[in-house]
Amino acid sequence: MTGAYSDAVRERCREPRRAGAWPDGDRGVATGSAGSLEAGAWTRLQVRVGADGRVVDTRFKVFGCSAAIASASYVADALIGATLAEAKAVAAGDVAAALDLPDGKHAMAALATEAARAAAEAWAAGVPGAALAGEPGPGIKEVVTS
């Protein structure tokens, strides 16, 4: 590792995989978020779940430092093929270790895993679409953790 961040973090910041969002109301998508803009770090993660109950695709948006971006990108990749139980069980410590995050940045891994857990919980609650504007539409729920 050279500098403050590992090569894994720098690579995910240069080429963040799965960044973006699906349109409001997209069927088969659940959204979870964690953190807040006021606190200086926020992560939103969306999951698309297939008929077999496994995550088939993900998207993320993040506000924060390089560790926050890398953590969200890593978790979004890690969820592909996961069951909802596996998505809820992704551990922040595992993310921090995989990215070789500095001790002071482990909270960014926790935000990404909290957003993943919230998205899985939203899906399990029967979410038919995604709420991206902050105001869920009819029958649409976004789970937010703080």
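Brief remarks follow.
- Leading residue by the ranking (modelled with the highest pLDDT) among those in region 1-29 that are within 24 Å of Gly126 (Cβ to Cβ) and of a type in the set (Gly, Ala, Ser): Ala21
- Hey, Ser71 buried (at least 24 other Cβ atoms within 10 Å of the Cβ), modelled with pLDDT of 95 or more and either hydroxyl-bearing (Ser, Thr, Tyr) or out of contact with any Leu (no Cβ under 7 Å at 6 or more places or on another chain) (or both) or not: yes
- Any hit, region 130-138, residues being more than 15 Å from Tyr5 (Cβ to Cβ), modelled with pLDDT of 50 or more and either part of a helix (DSSP H, G or I) or of a type in the set (A, V, I, L, M, F, W, C) (or both): no
- Top-ranked residue in region 42-53 [being touching a helix residue (DSSP H, G or I) at 6+ places or on another chain (Cβ under 7 Å) and over 17 Å from Ser73 (Cα atoms); ranked as modelled with the lowest pLDDT]: Gly53
- Failed condition for Ser73, given (1) polar (S, T, N, Q); (2) under 17 Å from Ala118 (Cβ atoms); (3) touching a residue at least 60 places away in the same chain (Cβ under 8 Å); (4) touching a helix residue (DSSP H, G or I) at 6+ places or on another chain (Cβ under 9 Å): (2)
- Residue match in region 76-86 (condition: closer than 11 Å to Ala115 by Cβ and assigned to a loop (DSSP other than H, G, I, E, B)): yes
- Top-ranked residue in region 12-27 [being assigned to a loop (DSSP other than H, G, I, E, B) and in contact (Cβ under 8 Å) with a residue 60 or more places away in the chain; ranked as surrounded by the most Cβ atoms within 10 Å (Cβ to Cβ)]: Trp22
- Residue in region 55-68 that is over 12 Å from the mean Cα position of the chain (by Cα), surrounded by 24 or more Cβ atoms within 10 Å (Cβ to Cβ), of a type in the set (Gly, Ala, Ser) and modelled with pLDDT of 95 or more present: yes
- As a summary of the residue check, Ala39 satisfies the conditions (1) hydrophobic (A, V, I, L, M, F, W, C); (2) buried (at least 18 other Cβ atoms within 10 Å of the Cβ); (3) at pLDDT below 90 except for the one numbered (2).
- From the list Val56, Val90, the one residue that fits, being touching a helix residue (DSSP H, G or I) at 6+ places or on another chain (Cβ under 8 Å) and either closer than 17 Å to Glu15 by Cα or in contact (Cβ under 8 Å) with a residue 12 or more places away in the chain (or both), is Val90.
The values are calculated or read from the model by the stated rules, or taken from the named source; none is laboratory data. Because the structure is predicted, anything quoted here is derived from the model rather than measured. As a convention, Cβ positions derive from the backbone with ideal geometry for all residues, glycine included, and neighbour counts pool all protein chains shown.
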